[in-house]
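One structure below.
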Amino acid sequence: MHLLPILKAISRRKVSATLIGLEVAFSVVILLNALTMSKFYASAALPPPHVDWTNRWVVTVGHHGPARLGLDVAARANQDLEFLRSLPWVHHAGAVSVVPLGEMRSVVALWSAERPGDVVTARVVEALGDFQQGLGMQRVEAFPGQNAGKEQRGVLVSRALSERLFPGRDSLGQHLQLSTSAEHLAVAGLVDPLEQYPGLSHVGHVVFRAGLPGDLTQWSYVLHTRHAPLGQDWQDLQRGMTSLYPHRVIREEALQAVAHTAGGIARGMVAVLLLVMGLVLLVSCLGVVSITSFSVAERTQQIGIRRALGATRGDIVRLFLTENLLLIIPGMVLGSLGALALARVQSQDLVVEPLSLLEWVLCLGLVSALGQLSALVPALKAAQVPPVAATRSP
Amino acid sequence: MNAPHWQRLRRFLPGRHWPLSAMVVAGLGLGVSVLVGFAAMQQTLGGQDIPAHADGLYSVQLRSIPVESDPLRAWRLEPGLVDVLSYPDVTALLKSTIPELQAPSVAAQLYGGLPSMPAMPLKARFCTQDFFSMFGVRLMYGGLWTSDQEHAGADVVIISQRLNQDLFGGRNSVGQWLEIEGRMMRVVGVMAPFQPVPRYYDLSFRFFETAEPVMVPLALFRTLRAPPSEIVLAWQPHPEGHEALLASSNGFMQLWVRLPSAQHVENYRAFLAAFRPHAARPEWMLTKGGNILSLADYLASKGVPPRESTTMVVLSALFGTACAINLVGFLLARFLSHSKEVEIRRALGATRWSIFFRHIRQCLGLGLLGGLLSIPMAGGLMAACNRLFPVLSNIFHMTAQAAVGAVGTALLLSILAGFYPSLMMSRLRPAQRIKLQ
């Protein structure tokens, strides 16, 4: 098929050509941008692959009444942990001041011992017992805090924090100082946090420190169980813990449910962006159908002449599809440029990973395939125009 | 004689080309609902419901952390300023006589409820009387605690309408007793519905969550040894215990002031610039100065409205434009389907202007239908967003303003999109048709 006559035909129908080109361009801008943003939020919404969520539970205890003021937190937590470990269905039990998921209320400043002027903010989780197993975290190195007598002041740090404090270096054995501690603390291990939030790296700055602070009134036990606890198991737990200390509110939740709540905004954003992507594809398909239908209606007599001169129905379909493709391509180029410009504006306050070339190409491929499919409907209608239409008045 | 009213109305309606007209209306409704829906949500998240009396309110902030260490420096108007203050600093700041009103407050997690029931978690805000007048909190039953009760730290509370509903079935509970942290506390007032979005009096932590259901005199914060529930900036080591926390430079309180004039603002800024923190600070912290932020600046410094909603507004504006382009195509197809009729009209003497306005009128009719359709669609979108973002506590609602905006936008888009197709129809030539008959 010769392209030159088709290009000439397009140049004579500037309105249809412009409308289809703009339609595709806007769709491509929206689609590429929404896809980039959904990738960003999806990574925060989905649980990180390195965490094992199976049979992980959080039991939060809130102590109340005047008796809470004289509470010996360490003794209380150790007694509770002893009880929890005695339950036949509990495999591991640990205690944490706060589950490191979502926003956490306590923020500390810290710095590496060798660069005291470089202050970084982070979230601190104070922990006791088998909290790593309870949280399903993979540790890179052992936590010496649990090995009595060896290195009581060791801390675990998240990988992001390690890279921030000790860029390009092995942080194990390095020392850092927390604003809440007068002493230097050795980095005893690295962990990957329970959530990922690319672009807001400070959210990934987490320090795990041994021991619960003495003025806590609410903390959580993290359990790794042998099987999913039954209703009776939870009742035994409630009864046992209440008998140890009656003035408290006890709440159980699956760790995955806590993660689910923490990722709520990101998950909602992914859903909304997917909805917008679906709608824009639908609207652009309908747009191509309507504008191509308009073009077919305008050219009924011309199609009849072509048919009278020997063009087959297949030729007519091919003519409209080729014409449509020639309109879609500049639209996609224009849309890609627009998407790049928009991404540049957005990158000023958000560190978003751009789409890979493959994702970009796949996205454009999808737009062009749907555009062609949409044009097929009026093209088939055009192919039905009989040669006798050439003799009818316009 | 004038045509009957319904016949005149019919000129605006789609007529026999209903499938194409339905497409136009649906497409327009969809585009406008997405555009208006996200714009309305952006307005809600940006604090459009914050009352006008908040204009004279300023958040007091102290320079605390070095600029390069401030994780949110990209968003802050003045990096290093922190809105969460220590107890000694707030106590010292309250001595200033410049502000007309001052509202120190702190949120805490308490446990309690009816004496006869097991304790339940209760979010509480410890505050002073001025908090209620500064933030426009009205009471549906009872009144504020008295100044004497405030200074003495009497065991009194003001509860939310929701908590009053849950605990007392909605009846006037003034004079009833609650047991909170083991103390019997008397209800002196019940707040009228108070749900500022965002919770602008404390933007330190999860500020789209609901306002605290229990208000307690600030003096009780010390007596109850209440653990602060909002963000704690732990800047320095301190011995364990509530008194040690109160004596430290660690931040957990908010302070707002009302400054009635520009002169007051200037004076208070000068006062803060020279302010030195009253709790000893570690050497890495900044040790002098502060500033006040107007509510608008404070919201902006906290990333309000959130960038997520701004992203969606940008995408929805692009989507609305795509729908408008679509509309041009639909209108061209629809108008062209009766071009022969228009040519005959022209031949029978209709002027170009009359043809143009006839089509613009049809566009307006379609736009009105599309706008009306977009109202329930935008409402549905907001309801869906309420479900998708449960953490935002059902804050999105279709308002009369958004509904009017939807119809107005649809009418505007229909005129813009219909301009070229209407012009094209007005340019059809009558002579050609007559010649060919």
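The values are calculated or read from the model by the stated rules, or taken from the named source; none is laboratory data. Computed from a predicted structure; not experimentally measured. Quick reminder, even Gly has a Cβ in these numbers, built from the backbone with ideal geometry, and neighbours come from all protein chains shown. These accessible areas exclude ligands, DNA and RNA; they are computed on the full protein's heavy atoms, side chains included. Shrake-Rupley method; radii C 1.70, N 1.55, O 1.52, S 1.80 Å.
Look at B:LEU423 and say whether it is closer than 30 Å to A:LEU275 by Cβ and either assigned to a helix (DSSP H, G or I) or open to solvent by 60 Å² or more (accessible area, probe 1.4 Å) (or both).
Taking the combined requirement at face value, the residue does not satisfy it.
Each row is one residue, and each column tells you yes or no for (1) open to solvent by less than 50 Å² (accessible area, probe 1.4 Å); (2) more than 14 Å from every other protein chain (Cβ to nearest Cβ); (3) of a type in the set (Val, Ile, Thr); (4) part of a helix (DSSP H, G or I).
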{"position": "A:MET277", "(1), (2), (3), (4)": "yes, no, no, yes"}
{"position": "A:LEU281", "(1), (2), (3), (4)": "yes, no, no, yes"}
{"position": "A:CYS285", "(1), (2), (3), (4)": "yes, no, no, yes"}
{"position": "A:THR292", "(1), (2), (3), (4)": "yes, no, yes, yes"}
{"position": "A:ASP315", "(1), (2), (3), (4)": "no, yes, no, yes"}
{"position": "A:ARG318", "(1), (2), (3), (4)": "no, yes, no, yes"}
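Just wondering, is there one or more residues in the stretch A:63-76 that are under 29 Å from A:PRO47 (Cα atoms), within 14 Å of chain B (Cβ to nearest Cβ) and surrounded by 21 or more Cβ atoms within 10 Å (Cβ to Cβ)?
Within the stretch A:63-76, not a single residue is under 29 Å from A:PRO47 (Cα atoms), within 14 Å of chain B (Cβ to nearest Cβ) and surrounded by 21 or more Cβ atoms within 10 Å (Cβ to Cβ).
Tell me which residues, restricted to the stretch B:96-107, are open to solvent by less than 40 Å² (accessible area, probe 1.4 Å) and either at pLDDT below 90 or closer than 19 Å to B:GLU266 by Cβ (or both). Walk me through it before giving the result.
Taking the stretch B:96-107 first, the residues open to solvent by less than 40 Å² (accessible area, probe 1.4 Å) are B:96, B:99, B:101-107.
Passing the criteria: B:SER96, B:PRO99, B:LEU101, B:GLN102.
Just the residues that are open to solvent by less than 10 Å² (accessible area, probe 1.4 Å) and either at pLDDT below 85 or farther than 21 Å from B:TYR87 by Cα (or both), please, taken from the stretch B:215-227.
Correct list: B:ALA226 only.
I need a count of the residues in the stretch A:180-195 that are open to solvent by 40 Å² or more (accessible area, probe 1.4 Å) and small (Gly, Ala, Ser).
1
A:VAL272 fails exactly one of the following numbered conditions: (1) facing chain B (nearest Cβ under 10 Å); (2) open to solvent by 40 Å² or more (accessible area, probe 1.4 Å); (3) among the aliphatic types (A, V, I, L, M). What is the number of that condition?
The number of the failed condition is (2).
What's the total number of residues in the stretch B:174-212 that are within 14 Å of chain A (Cβ to nearest Cβ) and not in a loop (DSSP other than H, G, I, E, B)?
Number satisfying all stated conditions: 6.
(1) aliphatic (A, V, I, L, M); (2) at pLDDT 80 or above; (3) touching a Pro at 6+ places or on another chain (Cβ under 9 Å): which one isn't true of A:VAL207, the others all being true?
A:VAL207 satisfies all of (1) aliphatic (A, V, I, L, M); (2) at pLDDT 80 or above; (3) touching a Pro at 6+ places or on another chain (Cβ under 9 Å) except (3).
Of all residues in the stretch B:63-95, which are in a loop (DSSP other than H, G, I, E, B), at pLDDT 80 or above and either open to solvent by 50 Å² or more (accessible area, probe 1.4 Å) or more than 15 Å from B:VAL106 (Cα to Cα) (or both)?
B:LEU94, B:LYS95
Scan the stretch A:222-264 for residues that are of a type in the set (Val, Ile, Thr) and without any contact (Cβ under 8 Å) to a residue 12 or more places away in the chain and jot them down.
To start, the set of residues in the stretch A:222-264 that are of a type in the set (Val, Ile, Thr) comprises A:222, A:225, A:242, A:249-250, A:258, A:261.
The one that is of a type in the set (Val, Ile, Thr) and without any contact (Cβ under 8 Å) to a residue 12 or more places away in the chain: A:THR242.
A:HIS205 passes all but one of (1) buried (at least 19 other Cβ atoms within 10 Å of the Cβ); (2) within 30 Å of B:PHE330 (Cα to Cα); which number fails?
Evaluating A:HIS205 over (1) buried (at least 19 other Cβ atoms within 10 Å of the Cβ); (2) within 30 Å of B:PHE330 (Cα to Cα) leaves (2) as the failure.
Within the stretch B:354-389, which residues are among the hydroxyl-bearing types (Ser, Thr, Tyr) and either without any contact (Cβ under 8 Å) to a residue 40 or more places away in the chain or farther than 22 Å from B:LEU327 by Cβ (or both)?
Initial filter on the stretch B:354-389 (among the hydroxyl-bearing types (Ser, Thr, Tyr)): B:354, B:374.
Passing the criteria: only B:SER354.
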